[in-house]
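Below is one structure; the comments refer to it alone.
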Amino acid sequence: MTIDGFREQDKEAFEAFSPHAAARFYDRLDLVARLLRVEVVGLENVPKGRALLVANHAFGWDVAFAMGAITRATGRTVWALGEHAWWRFPFLRSLAAQVGTVDGTPGNVDRLLQAGELVLVLPGGLREAVKPDELRYRLLWGERYGFVRAALRSGAPLVPLAAIGGDDVWDFVGDAYARGRRWLGVNVPIPLPRRILPIPHRVHLKYVIGEPVVPTRGPDCADDPRALRATRREIEGALHELIDEELAARAGIASS
């Protein structure tokens with residue numbers, strides 16, 4: 001028995017999800033969202049059926065504000081594909097599983113999409129979340145194509161979700177993974193704030209949901225490297241465009 005009662009199967013799709021716990025969590029999050037004046041636009045772009053919501057990743061889990069807004073607007077659960085590291089932290093993992101976070105495995109995303117669910121993926125993972133200041137709003141997806149492969153297998157549209165503001169909360173410096181290897185001898189990120197006191201900046205959080213990118217290739221292309229690269233370029237480009245437009249607007253530059 002684990003200290004928090006967590007079972008290994010609780011990180012699998014549908015196993016530990018609690019509608020009551022999720023509703024309570026998002027009710028409380030909605031209060032915080034209103035206090036911070038969080039803005040979510042483009043809710044009309046969320047498909048009625050299965051879909052993969054593809055977002056950029058800032059430090060923390062601020063994208064939960066967008067997940068809550070989608071749940072309120074549609075009455076549907078937004079399942080999040082979590083990093084494998086999530087499941088090492090007692091109590092936090094139990095809460096995550098109860099509100100709809102599952103282990104980010106091909107099996108879980110396939111089960112969810114086959115059931116017609118909404119699934120959130122943050123392809124950049126921790127590496128994108130702890131990037132230094134000079135890489136703000138850059139998508140650091142590396143060789144991650146699993147979510148694209150899942151979209152092709154299921155025919156699910158890919159929906160860009162731009163998170164604006166989260167990258168400005170903290171000022172990080174250097175390569176967090178290189179620091180972890182240097183200090184601890186393991187491939188674990190150690191984010192380092194620019195200032196001695198890591199005081200967060202007060203920023204306006206805005207989330208923009210773009211129009212779905214519908215795959216033009218079918219399940220037979222799920223293992224075709226060229227099809228995977230082409231499809232990922234489409235959703236990556238759509239997400240970059242949303243981010244660039246919002247950053248330009250924030251700087252007072254009108255888009256043409």
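Only Cα pairs under 8 Å and 6+ residues apart enter the sum, and on that basis the relative contact order of segment 56-198 stands at 25 percent. FRET efficiency for Asn187 and Thr105, Cβ-Cβ distance as r, R0 = 25 Å, nearest 0.05? Taking R0 as 25 Å, the efficiency between Asn187 and Thr105 is 0.80. Assuming charge only on the beta carbon of Lys and Arg (+1) and of Asp and Glu (-1), the dipole of the chain about its Cα centre is about 380 debye to the nearest 20. The protection proxy used here, the mean number of other Cβ atoms lying within 10 Å of each residue, ranks peptides 8-16, 203-211 as follows, highest first: 203-211, 8-16. One chain, two ends: Phe14 and Ala248. Fully extended at 0.36 nm per residue, the span grows by 80.2 nm beyond their Cα-Cα distance.
With the convex hull drawn around the C-alpha atoms of the chain, the volume per residue stands at 151 Å³. Rounded to the nearest 0.05, what FRET efficiency is calculated for Arg138 and Asp224 with R0 set to 30 Å and r the Cβ-Cβ distance? After rounding to 0.05, the efficiency reads 0.65.
If I take every Cα pair under 8 Å that is 6 or more residues apart in the chain, average their sequence separation and divide by the length, what percent do I get for the relative contact order? Walk me through the numbers before you get to the answer.
Working: 430 pairs, mean separation 62.2, N = 256.
Computed value for the chain: 24 percent relative contact order.
If Lys and Arg each add +1 and Asp and Glu each add -1, what is the summed charge of the other residues whose beta carbon sits under 13 Å from the beta carbon of Phe91? So the surrounding residues net to 0. Positive contributions from Lys and Arg (+1) and negative ones from Asp and Glu (-1), summed over other residues with Cβ under 14 Å from the Cβ of Met67, come out at -1.
Defining a contact as two alpha carbons under 8 Å apart and six or more residues distant in sequence, what relative contact order in percent does segment 1-123 show? It would help to have the intermediate numbers written out before the result.
Working: 144 pairs, mean separation 51.6, N = 123.
Relative contact order here is 42 percent.
Multiplying the residue separation of His204 and Thr2 by 0.36 nm and subtracting their alpha-carbon distance yields 68.8 nm.
Segment Phe91..Arg28, full-extension length gain: 20.9 nm, with 0.36 nm per residue of separation and the alpha-carbon distance subtracted. Dipole orientation for segment 140-256: of the candidates Leu247, Gly146, Asn187, Asn187 has the Cα lying most toward the positive pole (charges on Cβ; Lys, Arg +1; Asp, Glu -1).
Bear in mind that the values in this text are calculations on the coordinates, not laboratory data. Because the structure is predicted, anything quoted here is derived from the model rather than measured. Note: ideal-geometry Cβ built from the backbone for every residue, glycine included; neighbour counts use all protein chains shown.
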